[in-house]
Amino acid sequence: MIKLIKNYLVILKIFSLVFLLSNCSSTKSNEDISQLSDKEIYSRGVTLFEKGNFSKATSEFDNVFLNYPFSSLSSKSEIMSAYSLYQNNEIKKAVTKLSSYIELNPKGELTEYAHYLLAMCYFSQVSKEDRDPSSSIKSLNYFKLIITKYPKSKYAKDAKLKIHFLKNMLAKNELNIGKFYLKKGAPASSIKRFKSIILNYQNTSVIPETLYRLSEAFLLLGLKDEAIKSTALLDYNFSDNDWTKLSKSLLKDKIELNQKKDTEFSIINYLKDFF
């Protein structure tokens, strides 16, 4: 009985989807869509897409899937429908369609691109301030998936560039939060943020300032030895950086700093030693 109910619900869901697609895919043309071939419908979708009419293009590509689900153009139409939604800034709909496509076609011919377009959907939602890093994190994870699962993909190079950009943005976001805690007199909370940057975003542009701020936080807690280590690490790896020059004014004991500098420092060794 339970199995029968489940089967009924599945059928009902499919019927609802078909009904929804049939309503969404209506056009002003009086021509009966059933009289057109899959190629003709797809061609109409492409023409509309090229004209920038992404909403109608989406409907035409959906019509291919609706009327010719087993066509060789069916999968391509699904992706083009998602791409049209993406171009029309209907990101949530595009994400839903792409996620469904990937789930149903884990090894499909166009699945690689579906992953890339999904990453781009989230990437398009990243703001300059990035106050809410959720889109950046999701985008980063999908780009990482591309270079891991498809290392020789034609999208891998762009994925690496996007990853670098996103890591810098996320690192800056963490740094800003850490600096906020410093201003509020909560150095322990700021250290957690700075630690996250050093652990997760080692090759980003904010590392010099992070080490400087880390020294500030340690000094506020009275941890002079740890402040010296952080400053020495900054001096060793970024000797000509402005933050390095500024950091030396934090510590009056220059002799102790020079002694520390005689030892070879690296980010990894520092992490092992402190964290």
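The values are calculated or read from the model by the stated rules, or taken from the named source; none is laboratory data. The model shown is predicted, which means the values in this text are computed figures rather than measured ones. All Cβ positions, glycine included, derive from the backbone under ideal geometry; neighbour counts span all protein chains shown.
Here are a few things to note about the model shown:
- Annotation note: of 179, 154, 144, the sole residue that is farther than 25 Å from residue 213 by Cα, out of contact with any Cys (no Cβ under 8 Å at 6 or more places or on another chain) and in a helix (DSSP H, G or I) is 144.
- Unique match (being touching a residue at least 60 places away in the same chain (Cβ under 8 Å) and on the phi < 0 side of the Ramachandran plot) among 177, 147, 191, 207: 207
- Selection status of residue 48, at pLDDT below 95 and either on the phi > 0 side of the Ramachandran plot or assigned to a helix (DSSP H, G or I) (or both): no
- Residue under evaluation residue 133, criteria (1) surrounded by 16 or more Cβ atoms within 10 Å (Cβ to Cβ); (2) modelled with pLDDT of 90 or more, criterion not met: (2)
- Residue in the stretch 139-150 that is buried (at least 19 other Cβ atoms within 10 Å of the Cβ) and among the charged types (D, E, K, R) present: no
For (1) surrounded by 20 or more Cβ atoms within 10 Å (Cβ to Cβ); (2) touching a strand residue (DSSP E or B) at 6+ places or on another chain (Cβ under 6 Å); (3) under 16 Å from residue 44 (Cα atoms); (4) modelled with pLDDT under 95, each residue gets a yes or a no:
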residue	(1), (2), (3), (4)
65	yes, no, yes, yes
72	no, no, no, yes
79	yes, no, yes, no
84	yes, no, yes, no
90	no, no, no, no
93	no, no, no, no
98	yes, no, no, no
108	no, no, no, yes
114	yes, no, no, no
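- Residue within the stretch 63-76 that is of a type in the set (A, V, I, L, M, F, W, C) and out of contact with any helix residue (DSSP H, G or I) (no Cβ under 9 Å at 6 or more places or on another chain) present: yes
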